[in-house]
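Structure first, commentary second.
The values are calculated or read from the model by the stated rules, or taken from the named source; none is laboratory data. Everything numeric in this text was worked out from a predicted model, so none of it was measured. Here the Cβ is made from the backbone with ideal geometry for all residues, glycine too, and neighbour counts use every protein chain on show. Side chains included, ligands, DNA and RNA excluded: accessible areas come from the protein's heavy atoms. Shrake-Rupley method; radii C 1.70, N 1.55, O 1.52, S 1.80 Å.
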Amino acid sequence: MSRFYNQIKYLLYFIIAITICFLIIIIYFSLQLPDDSNLKSYKPDVMTRIYDTNGQLVKEFSKEYRIFVPIENIPDNLKNAFISAEDKNYYNHIGIDPTGIIRALIRNTYYLFSNKRPEGASTITQQVAKNFLLNDELSLRRKVKEALLAIKIDATLSKSRILELYLNQIYLGYGTYGIAAASNRYFKKSLDELDLSEVSFLAALPKAPSRYNPKTNYENSLIRRNWVLKRMYINNFITEEEYKASIKTTIQVADRKKKPFFSSDYYLEEIRKQIINVYGEDFLYRGGLSVRSSFDTSTQRIADLALKSGLLEYDKRNGYRGVVDNVASKSWFIENIGKDLPHNFLLAKVIKLDEVNGSVDIEVLKDEAVVHGRLLNFNWARKSLGNGYLGPKINQANEVFKLHDIIYVSLNTDNLYNLEQIPKINGAIIVMDPHTGRVFALSGGFDFNESNFNRVYQAKRQPGSSFKPFVYIAALENGLQPNSLILDAPFVLDQGKGRAKWKPENYGKKFYGPSTLRKGIEHSRNLMTIRIAQYLGMDQIVELADRTDIMSNMPPVLSMALGAGETSLFKLTSAYASFANGGKRVQGTLIDRIQDRRGKNIFVNDQIICSNCSMQYIEEPSKPNIVNKSETIFDEKNAYQMVSILKGAVDRGTGRKTKIEGIEIAGKTGTTNNNTDAWFIGFTSDIIVGVYTGYDKPESLGKRETGSSVAVPIFKSFINEYYEDEKALPFIIPAGIELIKIDYDTGQISNKIKDAKTIYEAFGKSDKLFTLKETLVGSEGFKVIEMENSEENEFLIY
């Protein structure tokens, strides 16, 4: 009997010792547990989403692709699917599942001797502990901490909160974190749009997302999906009918969106930069911002394709610079599969040159497969000799190609292709609302992947003649009129001892004598512009450049009046907008509104406000009262006079290639010395478009290449398509303007009813009208003659 008692005693001692050891282990690891208090207020990293002006999602920025969804907005079927797959006793255990642990121990003992992979017994709460507070270390130490944390979390957080954390944090493959992101990427659906088959598929993924990816392992994913459905049926979450119907359903994952021919990368990258500059990188990638932009998808498509087509057209007329490569291997295409190519280009290989009929047969890498085709339209491919000069005309295909040449092509029709090359020239385009400054579209180059240098903002170049309108509006502000006469004659400036005299010239090196101020802009006369700048004083021009934000600290030298300073396309286009909108300063904006993750506005673009839109309703015949809060920088009368003159530049002057029947367009070309850069800034009553073209490393575009031949076709292509289905409204004439008939050549008032040289000139109603009575040519520099005769007066600048 005493022996039995001794055995009981030793057993009790052993149990006590084990218990003490267990408690010591518990206490030891408990003291090492990470702080879990932040789980109560945990805010997961959430992506920032960019929307276009119509509310369509166009871009997401994130470190991890995640969309946070509160537990109350998660459908029951989805919650039940994950509980069935991962933790069927979730609502009944204390963070760890003893039953599951015992079951796993028994099975793993068997698996140990049968070479099968051991199974885990982690609950959803344990997975939360591991994902949020621990790491993926495979050790007993980590499992003990995980279990202790799970018990603690279960005691401090509600089951709903724990499940919310789990479903929004878990990795589900395809680069997605959380169920909402996975639903969007796999099915292009919101959570409440998912059917039973789809929610069970998502619940099948946590165990091994790549193993159950239906794109690569369809059978595995189907078996696992059906297993989840069976667990849901066994756990009474779905009926037998639902189970049988769902297992017959195939898994249909949405295809990834193909990259469109047009690009919005430059626009969206600029938004990214602007948000980071103001709020910081973490706020962008983790803050869950909702950004409503001014971006218009349709306008962007038109602008981007117009720019690319214009650059390609210029590049092709300046010759072919050669093939991409020459590869004899029949498997040439393998290493090129999946490569991002610019625009709509494809890679092709020359496989046959027919010298009899001049045809070129090619293999084309298209949609990850090789197809056969024939090359068309390669007669343009004369050798480029630089500076616009070309080699001899092409008579035979073998003058351009050899067998096995790798070339760029684009699809013409069926199996016929055009020869292409990536243009050496680059450029930019921006489309803006001149009244609000909202930027509808921009493209900063031919291809973002080749160069992310944004030529809308970052390229600082001489604007050339496109700066002249600001010299002329300074003249209007200082009392000159559109019919004031300016002498167009040789101009010589002594630049000081030891320096050559400065002798600016007109394009074409001609002189036209006394000409109206209007003609100076319409025909881009350099000598007239210089005389105006000298008459006004360069301090006036410097002040105006600063006022319009074209450039700061402009040197007060006469050459600056001809656009010798440097500015960006963005700044120049914004300044032109002040002509179109009646003299208001425009600050071009890409972002209309930014909201934080809770929907609170943290930024609103308030340059333009509606003063009565907050009313419950607006009585007829009242309309929304739109108020422009921007600063006035030009008198409305002078702004319209400049619009009228720039419209004349399109109707009769250097921009006449831009003219489109039925659309009122105003604008100005710009070409810099040695034809290095080419510009066109043009506008209608409701949009303004700026175009810049040139080489990144400055060089001549060619002897005959100007703003009219390079930039204008891009602008015109855009306008033609933009107004294809819309009506362009005429320019609004302000109340203070009076239109009077004058002779276009002399500037004098005309009484002729019909005459080709008669135009309607815009004058302020309070302005005196000027008519030439006599001239006086001084021998010293220039003089202003002001002759008055009751109703008639005239300025003549010599």
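The single condition among (1) open to solvent by 50 Å² or more (accessible area, probe 1.4 Å); (2) at pLDDT below 90; (3) of a type in the set (Val, Ile, Thr) that ILE797 does not satisfy is (1). Sub-9 Å Cβ pairs linking a first residue in region 151-178 that is surrounded by fewer than 22 Cβ atoms within 10 Å (Cβ to Cβ) to a second residue that is in a strand (DSSP E or B) and not β-branched (Val, Ile, Thr), at least 6 apart or interchain, are GLN169/ARG66; GLN169/TYR177; TYR171/TYR177; TYR174/TYR65; GLY175/TYR65, ordered by first then second residue.
Residues in region 45-93 that are in a strand (DSSP E or B) and touching a helix residue (DSSP H, G or I) at 6+ places or on another chain (Cβ under 8 Å) were compared, and the one that is nearest to ALA180 (Cα to Cα) is ARG66. Of the residues screened, GLY667 is not one that is in contact with a Gly (Cβ under 8 Å, 6 or more places away or on another chain), surrounded by fewer than 18 Cβ atoms within 10 Å (Cβ to Cβ) and within 23 Å of ALA577 (Cα to Cα). Whether any residue in region 248-255 is surrounded by 22 or more Cβ atoms within 10 Å (Cβ to Cβ), touching a helix residue (DSSP H, G or I) at 6+ places or on another chain (Cβ under 8 Å) and over 24 Å from SER443 (Cα atoms) is what I want to check. Checking region 248-255: not a single residue is surrounded by 22 or more Cβ atoms within 10 Å (Cβ to Cβ), touching a helix residue (DSSP H, G or I) at 6+ places or on another chain (Cβ under 8 Å) and over 24 Å from SER443 (Cα atoms). Assess whether LYS330 counts as being open to solvent by 30 Å² or more (accessible area, probe 1.4 Å) and part of a loop (DSSP other than H, G, I, E, B). Yes, satisfied. Exactly one residue out of ASN73, ASN92, ASN54, ASN77 is open to solvent by 30 Å² or more (accessible area, probe 1.4 Å) and closer than 30 Å to LEU442 by Cβ, and it is ASN54. When VAL689 is tested against (1) in a helix (DSSP H, G or I); (2) farther than 30 Å from TYR389 by Cα, exactly one condition is not met: (1).
Considering only helices (runs of 4 or more DSSP H) fully contained in region 240-321, which possess at least 1 residues that are at pLDDT 95 or above? Fully inside region 240-321 and qualifying: 265-279, 297-317.
Scanning region 567-598 for residues that are in a loop (DSSP other than H, G, I, E, B) and among the small types (Gly, Ala, Ser) yields SER568, GLY582, GLY583, GLY588.
The requirement of being over 27 Å from ASP686 (Cα atoms), touching a Phe, Trp or Tyr at 6+ places or on another chain (Cβ under 6 Å) and of a type in the set (Gly, Ala, Ser) is not satisfied by SER443. Applying the criterion of being at negative phi and within 23 Å of the chain's Cα centre (by Cα) to the residues of region 337-353, the residue that is modelled with the highest pLDDT is PHE345.
Restricting attention to region 757-781 and to residues that are open to solvent by 60 Å² or more (accessible area, probe 1.4 Å), more than 14 Å from GLY648 (Cβ to Cβ) and not hydroxyl-bearing (Ser, Thr, Tyr), the residue that is modelled with the highest pLDDT turns out to be LYS765. Within the bounds of region 448-466, is there any residue that is part of a loop (DSSP other than H, G, I, E, B), open to solvent by 20 Å² or more (accessible area, probe 1.4 Å) and either without any contact (Cβ under 8 Å) to a residue 12 or more places away in the chain or of a type in the set (Asp, Glu) (or both)? Scanning region 448-466 turns up at least one residue that is part of a loop (DSSP other than H, G, I, E, B), open to solvent by 20 Å² or more (accessible area, probe 1.4 Å) and either without any contact (Cβ under 8 Å) to a residue 12 or more places away in the chain or of a type in the set (Asp, Glu) (or both). Criterion first (open to solvent by 80 Å² or more (accessible area, probe 1.4 Å) and either hydroxyl-bearing (Ser, Thr, Tyr) or at pLDDT below 75 (or both)) does LEU133 satisfy it? The answer is no for LEU133. Within region 673-683, the set of residues being buried (at least 24 other Cβ atoms within 10 Å of the Cβ) and either under 14 Å from SER524 (Cβ atoms) or not charged (D, E, K, R) (or both) comprises ALA678, TRP679, PHE680, ILE681, GLY682, PHE683.
Taken over region 585-608, the residue count meeting the criterion of being open to solvent by 50 Å² or more (accessible area, probe 1.4 Å), of a type outside the set (A, V, I, L, M, F, W, C) and under 23 Å from ILE430 (Cβ atoms) is 4. Within region 497-555, being of a type in the set (Val, Ile, Thr) and either open to solvent by 20 Å² or more (accessible area, probe 1.4 Å) or touching a strand residue (DSSP E or B) at 6+ places or on another chain (Cβ under 8 Å) (or both) holds for THR516, ILE521, ILE532, VAL542, ILE550. Only one entry in SER290, SER329 is of a type outside the set (A, V, I, L, M) and free of Cβ contacts under 8 Å to residues at least 24 places away in the same chain, namely SER329.
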